[in-house]
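**Q** Okay, handing you the structure first.
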Amino acid sequence: MEQNSQTKWGQFIPLVTVFFFWGFVAASNDILIPVFKKAFDLSQSESQLVSIAFYVAYTVGSLIYVGISGLMKKDLINTIGYKNSLALGLTISAVGTLLFYPAANIGSFPLMLSGLFIVALGFSLQQTVANPLAIALGPIKTGSQRLTLAGGINNLGTTIGPLIVSFAIFGSISSATNDVSIESVKIPYLCLGAAFLAVALFLKLSPLPDKPALVEAKLDDASVKGSALKYPQLLLGMIGIFVYVGVEVSTASNLPAYMEKDLGFAIKDIAPYISLYWASMMIGRWTGAVEAFTDNVSTQKILRFIAPYLAFAIFLGVNAAFGHDLQPFYVYALIILVLIIADFISKGNPARMLLIFSGIGILALLIGMFTTGMVSVYAFTSVGLFCSTLWPCIFTLAVSGLGKHTSQGSSYLIMMIMGGGIVSWLQGYVSQIPAIGIQYSYIVGILCFAYLAFYAWKVSGILKAQGINFDEKISGGH
């Protein structure tokens, strides 16, 4: 079925509200990790159980979805509809936030993890629906840009989340101490649960389609049409999502330990840098999303300079509102230029962008590993810039041509989000090896980026053989 030539903004805008919530909670975990580590006297690898509980829930949720679809002998999401699926996922997440209240009252680490697990269980269903739906709400040539834009809204949540949670735990900058209050997290998460339910109702009343039109590949082998797992772009993309979420999450979740142990930062002073990391994701995604707004090449060139610095200004404004010193962050404006240049070179092709940004990600981690002081901090936080557009690139490449199997394929990709927990734990474990330490443990991230560069090269040939050429589609749009 042919898609409309324009993005359906009236449907797209309500959809991106759920992207905001995913970012808010995921980035807030990076503040909870050092807090739980101190409050419950955990090792670095044990503290990463926060990441494992949160991200493995995506796998469990996807397995539940696949299992129910198998028992029904038809796709669950296609049966109940995309809007109902989103509302159900938000309700499940709201139930998870309720556990924070008793967990905080009795000081239970396992109950805290259970709450995060259930919140992410709901996110699993939401992401299975929302990612392919964002791609479907307009032409395929700008599908990855639309998903990038949705990711930019996600990272508005990641920028704000650590600051709000840090404020809830430690108080304002003027009165902040290093004292940890577990009970202080329960009210923000109860408010978050109420917001989940409000947005579920909002989406139910929105014009989002229950049955979006999806593109199917031109395939000669009829047997491939029987299962999403028989599409090679999906199988390799599943590994891609695993290692991508792994390097994205582990870079941020291990950064507090590096800054505290090696650089002498107090836990309460780390939040702005975690915010900068996730704001970097927003900066990159706003830059990569400009083609979703206009086909005019001249306008796109202008927006590619305006969008990243507008996002950076939001980061500075939010941190100023929380009373943080902005002086250390102005130099970051120069690093953003590297992102803009890389975005121009990629020319909107998701495979080319994945290859280029993975290469620069490797370089950033190497600089972080072999320098000291604030240079290393900026290098590690800049990984957020170069991770920023990788999710939409991988997702778009992996589900391209799956047609009626798109929601099933999306579920398998969401299943691999568990990489965020497993790779974070792995890096935490590697950091405890005396000969390596926390700074050199970022070799784990380099290996993740190396696979992504391989996937970018391999998937281009696979999709061209199936009649899908992103260069042709993008140039045709101009």
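The values are calculated or read from the model by the stated rules, or taken from the named source; none is laboratory data. If you're wondering where the values come from, they're calculated on a predicted model, not measured in any experiment. Positions of Cβ are backbone-derived with ideal geometry, glycine not excepted, and every protein chain shown enters the neighbour counts. Surface areas here come from the heavy atoms of the whole protein model, side chains and all, with no ligands, DNA or RNA. Shrake-Rupley method; radii C 1.70, N 1.55, O 1.52, S 1.80 Å.
**Q** Before we move on, is Gly67 closer than 19 Å to Met418 by Cβ, without any contact (Cβ under 8 Å) to a residue 12 or more places away in the chain and of a type outside the set (A, V, I, L, M, F, W, C)? Break it down stepwise before answering.
**A** Values: closer than 19 Å to Met418 by Cβ: yes; without any contact (Cβ under 8 Å) to a residue 12 or more places away in the chain: yes; of a type outside the set (A, V, I, L, M, F, W, C): yes.
Yes.
**Q** For residues that are assigned to a loop (DSSP other than H, G, I, E, B) and more than 16 Å from Met353 (Cα to Cα), scanning just region 282-307, find the one that is least open to solvent (accessible area, probe 1.4 Å). Steps first, answer last, please.
**A** We begin by selecting, within region 282-307, every residue assigned to a loop (DSSP other than H, G, I, E, B); these are 289, 293-296.
Now restrict to residues that are more than 16 Å from Met353 (Cα to Cα): 293-296.
Details: Phe293: 121, Thr294: 32, Asp295: 76, Asn296: 76 Å².
Within region 282-307, the match that is least open to solvent (accessible area, probe 1.4 Å) is Thr294.
**Q** Name every residue in region 76-100 that is farther than 18 Å from Leu121 by Cβ and open to solvent by 30 Å² or more (accessible area, probe 1.4 Å), in order of residue number. Quick ask: steps written out before the conclusion?
**A** In the first step, residues of region 76-100 are kept if they are farther than 18 Å from Leu121 by Cβ; the result is 78-79, 81-83.
Result: Asn78, Thr79, Lys83.
**Q** To continue, here is another question. When you check Ile267 against the structure, is it open to solvent by less than 10 Å² (accessible area, probe 1.4 Å), touching a residue at least 60 places away in the same chain (Cβ under 8 Å) and not charged (D, E, K, R), yes or no?
**A** On the way: open to solvent by less than 10 Å² (accessible area, probe 1.4 Å): no; touching a residue at least 60 places away in the same chain (Cβ under 8 Å): yes; not charged (D, E, K, R): yes.
Against the criterion (open to solvent by less than 10 Å² (accessible area, probe 1.4 Å), touching a residue at least 60 places away in the same chain (Cβ under 8 Å) and not charged (D, E, K, R)), Ile267 does not qualify.
Matching residues to (1) within 27 Å of Leu402 (Cα to Cα); (2) modelled with pLDDT of 85 or more; (3) out of contact with any Asp or Glu (no Cβ under 8 Å at 6 or more places or on another chain); (4) open to solvent by 20 Å² or more (accessible area, probe 1.4 Å):
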{"site": "Ser166", "(1), (2), (3), (4)": "no, no, yes, no"}
{"site": "Asp179", "(1), (2), (3), (4)": "no, no, yes, yes"}
{"site": "Leu205", "(1), (2), (3), (4)": "no, no, yes, yes"}
{"site": "Pro232", "(1), (2), (3), (4)": "yes, yes, yes, yes"}
{"site": "Met238", "(1), (2), (3), (4)": "yes, yes, yes, yes"}
{"site": "Val245", "(1), (2), (3), (4)": "yes, yes, yes, no"}
{"site": "Leu255", "(1), (2), (3), (4)": "no, yes, no, no"}
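**Q** Inside region 16-106, counting only helices (runs of 4 or more DSSP H) that do not spill past its ends, which hold 2 or more residues that are out of contact with any Leu (no Cβ under 6 Å at 6 or more places or on another chain), modelled with pLDDT of 80 or more and within 17 Å of Gly193 (Cβ to Cβ)? Lay out the reasoning, then the answer.
**A** Working: elements: 44-47, 49-72, 76-80, 82-98, 100-106.
Here the list reads 82-98, 100-106.
**Q** So, Phe117, is that one surrounded by fewer than 24 Cβ atoms within 10 Å (Cβ to Cβ), modelled with pLDDT under 75 and among the hydrophobic types (A, V, I, L, M, F, W, C) or not?
**A** Details: surrounded by fewer than 24 Cβ atoms within 10 Å (Cβ to Cβ): yes; modelled with pLDDT under 75: no; among the hydrophobic types (A, V, I, L, M, F, W, C): yes.
No, not satisfied.
**Q** Let me ask you something else. Kindly indicate whether Lys347 is in contact (Cβ under 8 Å) with a residue 60 or more places away in the chain and surrounded by fewer than 18 Cβ atoms within 10 Å (Cβ to Cβ).
**A** For Lys347, the condition - in contact (Cβ under 8 Å) with a residue 60 or more places away in the chain and surrounded by fewer than 18 Cβ atoms within 10 Å (Cβ to Cβ) - is met.
**Q** Here's something else I'd like to know. Has region 361-376 got at least one residue that is more than 22 Å from Leu149 (Cβ to Cβ) and not in a helix (DSSP H, G or I)?
**A** The answer is yes; a qualifying residue exists.
**Q** Among what's in region 399-413 and is among the small types (Gly, Ala, Ser) and not in a helix (DSSP H, G or I), pick the residue that is modelled with the lowest pLDDT.
**A** As a first pass, look at region 399-413 and keep what is among the small types (Gly, Ala, Ser): 400-401, 403, 407, 409-411.
Now narrow it down to the ones that are not in a helix (DSSP H, G or I): 400-401.
On the way: Ser400: 83, Gly401: 80.
Here the answer is Gly401.
**Q** Quick check on region 234-254. Is at least one of its residues part of a helix (DSSP H, G or I), without any contact (Cβ under 8 Å) to a residue 60 or more places away in the chain, on the phi < 0 side of the Ramachandran plot and among the hydroxyl-bearing types (Ser, Thr, Tyr)?
**A** Quick first cut of region 234-254, residues part of a helix (DSSP H, G or I) only: 234-253.
In the following step, the residues that additionally are without any contact (Cβ under 8 Å) to a residue 60 or more places away in the chain were identified as 235.
Pick out the ones that are also on the phi < 0 side of the Ramachandran plot and you get 235.
If we keep only those that are among the hydroxyl-bearing types (Ser, Thr, Tyr) too, we end up with none.
Checked against the condition, which is being part of a helix (DSSP H, G or I), without any contact (Cβ under 8 Å) to a residue 60 or more places away in the chain, on the phi < 0 side of the Ramachandran plot and among the hydroxyl-bearing types (Ser, Thr, Tyr), region 234-254 yields no hits at all.
**Q** What residue, among those in region 355-379 that are touching a Phe, Trp or Tyr at 6+ places or on another chain (Cβ under 7 Å) and open to solvent by less than 30 Å² (accessible area, probe 1.4 Å), is farthest from Arg285 (Cα to Cα)? Write out each step before concluding.
**A** Let us first name the residues in region 355-379 that are touching a Phe, Trp or Tyr at 6+ places or on another chain (Cβ under 7 Å), namely 355, 357-358, 360-362, 364-365, 368-369, 377-378.
Checking the rest, the ones that are also open to solvent by less than 30 Å² (accessible area, probe 1.4 Å) come to 357-358, 361, 364-365, 368-369, 377.
Details: Phe357: 12, Ser358: 15, Gly361: 15, Ala364: 18, Leu365: 20, Gly368: 22, Met369: 25, Val377: 21 Å.
Result: Met369.
**Q** Exactly one condition in (1) open to solvent by 50 Å² or more (accessible area, probe 1.4 Å); (2) more than 20 Å from Leu234 (Cβ to Cβ) is not met by Ile64; state its number.
**A** That leaves (2) as the condition not met.
**Q** Here is a further query. Would you mention how many residues in region 308-323 are assigned to a helix (DSSP H, G or I) and touching a residue at least 12 places away in the same chain (Cβ under 8 Å)? If you could, list the steps in order and put the result at the bottom.
**A** Going through region 308-323, the residues assigned to a helix (DSSP H, G or I) turn out to be 308-321.
Filter once more, keeping what is touching a residue at least 12 places away in the same chain (Cβ under 8 Å): 308-312, 314-316, 318-319.
Summing the residues that are assigned to a helix (DSSP H, G or I) and touching a residue at least 12 places away in the same chain (Cβ under 8 Å) in region 308-323 gives 10.
Okay, residues lined up against (1) among the small types (Gly, Ala, Ser); (2) in contact with a strand residue (DSSP E or B) (Cβ under 6 Å, 6 or more places away or on another chain); (3) at pLDDT below 90; (4) open to solvent by less than 10 Å² (accessible area, probe 1.4 Å):
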{"site": "Met415", "(1), (2), (3), (4)": "no, no, yes, no"}
{"site": "Gly421", "(1), (2), (3), (4)": "yes, no, yes, yes"}
{"site": "Ser431", "(1), (2), (3), (4)": "yes, no, no, no"}
{"site": "Val444", "(1), (2), (3), (4)": "no, no, no, no"}
{"site": "Tyr451", "(1), (2), (3), (4)": "no, no, no, no"}
{"site": "Leu463", "(1), (2), (3), (4)": "no, no, yes, yes"}
{"site": "Asn469", "(1), (2), (3), (4)": "no, no, yes, no"}
{"site": "Glu472", "(1), (2), (3), (4)": "no, no, yes, no"}
{"site": "Ser475", "(1), (2), (3), (4)": "yes, no, yes, no"}
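**Q** While we're here: Looking at (1) under 20 Å from the mean Cα position of the chain (by Cα); (2) not in a helix (DSSP H, G or I), which is the only condition Leu263 fails?
**A** The one condition Leu263 does not meet is (1).
**Q** While we're looking at this one, here's another question. Looking at Phe357, Phe344, which one is modelled with pLDDT under 95 and part of a helix (DSSP H, G or I)?
**A** Details: Phe357 fails: modelled with pLDDT under 95.
That would be Phe344, the only listed residue that is modelled with pLDDT under 95 and part of a helix (DSSP H, G or I).
**Q** I would also like to ask the following. Would a scan of region 384-399 turn up a residue that is in contact with a helix residue (DSSP H, G or I) (Cβ under 6 Å, 6 or more places away or on another chain), crowded, with 16+ Cβ neighbours inside 10 Å and more than 25 Å from Ala57 (Cα to Cα)?
**A** Looking for residues that are in contact with a helix residue (DSSP H, G or I) (Cβ under 6 Å, 6 or more places away or on another chain), crowded, with 16+ Cβ neighbours inside 10 Å and more than 25 Å from Ala57 (Cα to Cα), one finds at least one in region 384-399, hence yes.
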